[in-house]
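Taken together, the values in this text are just the output of simple stated rules run on the coordinates, not laboratory data. As the structure is a computational prediction, the values presented were derived from the model and not from experiment. Cβ coordinates were reconstructed from backbone atoms using ideal geometry, including for glycine residues, and neighbour counts include every protein chain displayed.
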Amino acid sequence: MKTLKTLAVVMFVLMAGCNTPINHCANSTEGDGVEQEVKYARSFSINLLTNGALIDVFNPWQGSTGVKYRYAFSESVDSEDFKHCEAMIPMPVRRVVCLSTTHIAFLEKIGKLDCVVGVSGAQFVSNPQIRRNIELGQVKDVGYEQLINYELLVELRPDIVLCYGVGAESVGYLQKLKSLNIPILFIAEYLEEDPLGKAEWIKVFGAMFGKYDEACAIFSQIERDYLDVKETLAAATHKPKVFINLPWQDAWFFPGNQSYMAALIDDAGGDYILSHLEGNQSYPLNFEVALAKGMAADVWINTGTAQSLADISREFPRTTLFPAYKEGRVFNNNSRINVAG
């Protein structure tokens, strides 16, 4: 399949490099160090200390409200100042386990891939360096959620396990890690609704490794590039109507108009054809309703595991009636896949 150029540009700048950064790290002083500016993300705050950082993470799984975890990264973890923190992690951090492959991208940007000693779902890792280290046995697959290999985790002696939660049930296996004295840090970038909010989580990674200024510089360039693309596309006279996804188990799921995907489509100069769906949750629509929307779309993106138009026609022959299908305006976000998908 082809690549949808405007959307691809917007997605690309989220993980772009840094050349001439804007300084967005000037901040006000708080009681616990110096509070840092967070412009787009809603799930974290950072206070820099003389020899470390305090990181607060808010509502780190879907549906959570009023939940807050505080983590202390410091060269002096025995300080009484940190006794109420969820975890106290000594700096420098040298050994990391990532329970989501998305964490690897952030570590790559700040030059800390060598710290990765464990991952969850090794078959889904696309980063060449980490894949090579997996093959060499230098990075281990620790399993997934309820099937985590705790014995292996203990053997890896991680300074920190970067985790995520998809629901309150996730707390169970994370409590097990805590009982084994394995420090964890919730990474909740996947819950951010603003695309730049997702990218801004690089500041958390910078803070935990003592590279906060570098992380700020990287994010500032990402922000600059993203907003430049957004401004350019906002001037376009034509906004193509955009349809997304493939059905799953007799329903077609579409995100609401406040979701990350809806924001990406809008910023990329598109008109999300299901923008009447409110909020940031996902809505299951029946096949007939979805087909009617697809018939009115100019562009169709994110077509699941399909590698070609033929794949789509075999599984869902009625979608071949879509104008986007007939005219070859179907694009999938699958440029970085491996043999496991």
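Some observations on this one:
- The modelled label-to-label distance for the pair GLN307/THR320, using points 7 Å beyond Cα in the direction of Cβ, is 2.0 nm.
- Charge dipole (debye, nearest 20) of the chain; +1 at Cβ of Lys and Arg, -1 at Cβ of Asp and Glu: 940
- Our compactness index for the chain, the C-alpha radius of gyration over the empirical 2.2 N^0.38 Å, is 1.06.
- In the structure shown, the pairs LYS109/LYS176; LYS112/LYS241; LYS198/LYS293 are assessed against 32 Å; a Cα-Cα span above that value is assigned to LYS112/LYS241.
- Here's the picture: charge each Lys and Arg Cβ at +1 and each Asp and Glu Cβ at -1 in the chain, and of SER43, TYR69, ILE218 the one pushed furthest to the positive end of that dipole is ILE218.
- The sum of -39500 (n - 2.57) across all DSSP H runs of n ≥ 4, divided by the residue count of the chain, sets its helix-only mean residue ellipticity at 222 nm to -8500 deg cm²/dmol.
- Sorting the segments 226-238, 114-126 by their residues' average number of neighbouring beta-carbon atoms within 10 angstrom, most packed first, yields 114-126, 226-238.
- DSSP-defined beta bridges in the range 17-225 - what % are antiparallel, rounded to 5: 50
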